[in-house]
Structure formats: C-alpha cells, structure tokens
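Colleague: Right, I'll just put the structure down here and ask away after.
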Amino acid sequence: MLDEQTQKAPPPPFGWSPSALRAERFWDSYVVDQGWDSFTTEDHAVWDLLFARQVELLGSRIVSEFLDGIDLLRLDHPGIPELGELNAILEPRTGWRTVAVAGLVPDDAFFAMLTERVFPVGNFIRRRAQLDYLEAPDCFHDLFGHIPMLAHHAFAEMVEHVGRLGTAAIAAGEGHRMARVYWHSVEFGLAKENGELKILGAGLASSFGEAHFSLESDAVERLPFLAGKAVKTPYRHDAFQPRYLVSESLDSTVAEVLALSPEELLAL
Ligand SMILES: [Fe+2]
C-alpha cells in the first residue's frame, strides 16, 4: 500500500521508470573524489617508476594504437594523472571520461558505467614494496592499461557496447558470459598487427610479469578470438592465464564484439 507521502508525490516525468533511473545513475554511489592533492611525492614516484618500467618492457610488443593513446592523452607526463586534466583531452575526442572509485566496482555498476562511456579509476596506487602484487586494480592498471585505448574511436565504441552486453547478461542472470568476453578482449586479449602477435588487453599492458609471458610462453594455448569461443573459455584472476584468445587484428576484435547482440550472447 502507498503511504501518504507517496500518494501526494507529483507524477513522474514522461518516460521515467524506476528501472531506467537505476540503469542510468545507480552507480553514482561508487564515485569518489580522486583526491589528487593527497597523493604523496612517493606515490607520484611510484607512478613514474611503473610507467618507465612498463613502457620499456612493452616496447613495440603492444598494438600501435595503445602507444598513440599514451601520446594523445599525454600520459607520459611525470606523476599520477589528474582526472580532470585527462578528461579535458579524452572526452572531446571519444566521449569517454574517467571517474575515481575507491576500489573494485561490482560488475553491474561497472558495465552500467561503460554504457555511458564512463571508466572507473582507482583513487590509490600500489606501494613500492608491492610493485607487482595487486589486491585490487589501482590507478596504474586503470589509467595506463585501459585509458590509452579509449582514445581510439573504434575501440571506444566497442567498450561502450561491452557495457550494454554486460548489463543485459547480468539482467538475465548470465553475467559470467560477458565477463568472459570482456576478460578475453579488453583485459587479456592479444591481436595481430602486420602478422605479429601483440598485446591488446589492459591486464597484459599493465603487467610486468605477464606481458612477455602472454606473447612468448610455450606453455600456454593461443586460440582464435571469436565471441562464441570467448563465452565458453574460463579465465584465471589469481594467476597467469593458461590460454589467450588472439584476433587477426584490433579491428577484428572490435568487429567481433560489436556484431554480438545481447540475444546472441545469451544463446551462445
Ligand atoms: Fe582492468
């Protein structure tokens, strides 16, 4: 039964529904201030160390669009990027923007953010003593690993679609399907470039140990990246991957994911 206050409330605006409201903004509660002024000299030094080490490690082992994104977004400037300054370049380019979060965001909120071209970035950075151990994605993983590719128009469109697919999969109680597609593309995907195997995913781009491993280890499987294969391929979040999915090119990854509809995802 409606209470008195509810009965007196004005009618909702045309087109409003509780589910629409939830789909649009329920993730707001996870957004925090980046607190950039609170980062210490040591925090910025850790960023600089990680950045220099990873750029040297990756060399040309990563798709060239990633390196273009680093340049475009001026991520090579010293110190942890300030999200407002980053957004001032990123948002006019592809419509993506970053927001700060305090830790891992639940899958439903994460995918909902992606549908609005919003990418959550941890408001913390690992300690020097734990350069290669992370309990939750920090701002180095999020900013260095993910954001360069969001400056690329086609990839930017693909990640928004990933958000729509993830939201639909969760609503159907099948979130694991899209989690796998996401994992084998956005996080740990490989792609060929001029016939050479390259890193594509953010989890590999930002990893000191797994970047080379993914490309060079003889102890792993490398299988073609197809949506149907990705949906059926489990992943590890606590160890290096036993198998990687490889697409023929960055464009192939984008086309494969964009061609996937929520209905097809649930039927695979
Ligand atoms: Fe990530």
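Colleague: Against the longest principal axis of the chain, how steep is helix 83-94, in degrees 0 to 90 to the nearest 10, with axes from Cα atoms?
Modeller: 90
Colleague: Under 10 Å from the Cβ of Ala202, count the other residues' Cβ atoms, weight Lys and Arg +1, Asp and Glu -1, and hand me the total. Write out the running numbers ahead of the final one.
Modeller: Numbers: positive: none; negative: Asp142, Glu187.
With Lys, Arg at +1 and Asp, Glu at -1, the net is -2.
Colleague: Sorting check: for 159-168, 193-202, 256-265, which peptide has the highest mean count of neighbouring beta carbons within 10 Å, and how do the rest follow? Could the numbers behind the result be given before it?
Modeller: Values: 159-168: 21.3, 193-202: 18.8, 256-265: 16.9.
Per-residue Cβ counts within 10 Å, averaged per peptide and sorted highest first, yield 159-168, 193-202, 256-265.
Colleague: Hey, another quick one. By its C-alpha gyration tensor, with a ≥ b ≥ c as the square roots of the eigenvalues, how is the stretch 137-220 shaped: rounded for a/c under 1.5, else prolate for a/b larger than b/c, else oblate? Could the numbers behind the result be given before it?
Modeller: On the way: a/c = 1.72, a/b = 1.51, b/c = 1.14.
It is prolate, given that a/c is not under 1.5 and a/b is the larger ratio.
Colleague: Determine the shape class of the chain: with a ≥ b ≥ c the square roots of the Cα gyration tensor eigenvalues, call it rounded for a/c under 1.5, and otherwise prolate if a/b is greater than b/c, oblate otherwise. Let's see the in-between values first.
Modeller: Numbers: a/c = 1.93, a/b = 1.27, b/c = 1.51.
Since a/c reaches 1.5 but b/c is at least a/b, the shape of the chain is classed as oblate.
Colleague: Distance between the C-alpha centers of the stretch 68-119 and the stretch 234-252? Whole Å please.
Modeller: That distance is 23 Å.
Colleague: Over the stretch 181-268, what relative contact order in percent results from Cα pairs under 8 Å that are six or more residues apart? The partial results should precede the final answer.
Modeller: Values: 118 pairs, mean separation 28.5, N = 88.
Relative CO of the stretch 181-268 lands at 32 percent.
Colleague: Would you kindly calculate the translational diffusion coefficient of the stretch 86-235, applying Stokes-Einstein with the Kirkwood radius from alpha carbon pairs, for 4 °C and a viscosity of 1.567 mPa s, and quote it in µm² s⁻¹ without decimals? Spell out each step's value before the answer.
Modeller: On the way: Rh = 16.1 Å.
Approximately 80 µm²/s, per Stokes-Einstein.
Colleague: Which of the peptides 169-180, 128-139 is most tightly packed, and how do the rest follow, going by the mean number of other Cβ atoms within 10 Å of each residue?
Modeller: Values: 169-180: 18.2, 128-139: 14.2.
By packing density, highest mean first, the sequence is 169-180, 128-139.
Colleague: By how many degrees, 0 to 90 and rounded to 10, does the Cα axis of helix 153-171 deviate from the longest principal axis of the chain?
Modeller: That helix lies at roughly 50 degrees to the long axis.
Colleague: Continuing with the same structure: Taking amide H positions as placed in the peptide plane 1.01 Å from N, state which residues far from Glu193 in sequence (5 or more) or on other chains have amide H under 5 Å from it.
Modeller: HN-HN under 5 Å from Glu193: Lys198.
Colleague: Points 7 angstrom from Cα along the Cβ direction at His237 and Ala171: gap in nanometres?
Modeller: Label-label distance for His237 and Ala171, simple model: 2.3 nm.
Colleague: I've got another one for you. Over the chain, what is the mean sequence separation of C-alpha contacts under 8 Å (at least six apart), divided by residue count, expressed as relative contact order in percent? Mind showing how you got there, number by number?
Modeller: On the way: 388 pairs, mean separation 48.4, N = 268.
RCO, the chain: 18 percent.
Colleague: I would also like to ask the following. When averaged across all projection directions, what area in nm² does the alpha-carbon convex hull of the stretch 86-166 cover?
Modeller: 5.3
Colleague: As I understand it, the value is the acute angle between the Cα axis of helix 41-58 and the longest principal axis of the Cα atoms of the chain; what does it come to in degrees, rounded to 10?
Modeller: 60
Colleague: Next question, about the same structure. Starting from the stretch 37-76, pick out the trypsin sites (Lys or Arg not before Pro) whose DSSP state is loop and whose Cβ has at most 11 other Cβ atoms within 10 Å. All intermediate terms of the calculation are to be shown ahead of the outcome.
Modeller: Numbers: sites: Arg53, Arg61, Arg74; in loops: Arg61, Arg74.
Those that pass, being in a loop and sparsely packed, are Arg74.
Colleague: Between the stretch 48-66 and the stretch 156-204, what is the separation of their alpha carbon centroids in Å?
Modeller: 21
Colleague: Here's something else I'd like to know. Quick check: from the Cα gyration tensor, does the stretch 64-132 come out rounded (a/c under 1.5), prolate or oblate?
Modeller: It comes out oblate by the Cα gyration axes.
Every number in this text was worked out from the coordinates using simple rules, so none of it is lab data. Please read all numbers here as calculations on a predicted model, not as lab measurements. No Cβ is skipped: glycine too gets one built from the backbone with ideal geometry, and neighbour counts run over all protein chains shown.
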